[in-house]
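Here's the structure we're looking at; comments come further down.
The values are calculated or read from the model by the stated rules, or taken from the named source; none is laboratory data. Just so we're clear, the structure is a prediction, and the values are computed from it rather than from any experiment. Ideal geometry is used to build each Cβ from the backbone, glycine not excepted, and the neighbour counts take in all protein chains shown. Ligands, DNA and RNA are stripped out before the accessible areas are found, and what is left, the full protein with its side chains, is counted by its heavy atoms. Shrake-Rupley method; radii C 1.70, N 1.55, O 1.52, S 1.80 Å.
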Amino acid sequence: LRCCTAASVVTDGGGAAAAADERSLYIMRVVQIAVMCVLALTVVFGIFFLGCNLLIKSEGMINFLVKDRRPSKEVEAVVVGPY
């Protein structure tokens, strides 16, 4: 490494400063990739659990509607007729 005076750092052409900048850019890029992976996984799991929740709720609503519904008189006549 060269001498660490202020003049050599400014006129150096980027020896040690470029290495530090390159390292910080690498770290920044890795952090950005990690954050994007975490956000993507959060969105994927959020959509998955929301879909499961809606599926469970819709199944419960279907069961509720089927139990609550009474058969009409025409259906009873058709069902009772052949017996």
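Worth pointing out:
- The heavy atoms of Met61 offer some 110 square angstrom of accessible surface to a 1.4 angstrom probe.
- Calculated FRET efficiency for the pair Gln32/Lys57, C-beta based, R₀ 30 Å, to 0.05: 0.20
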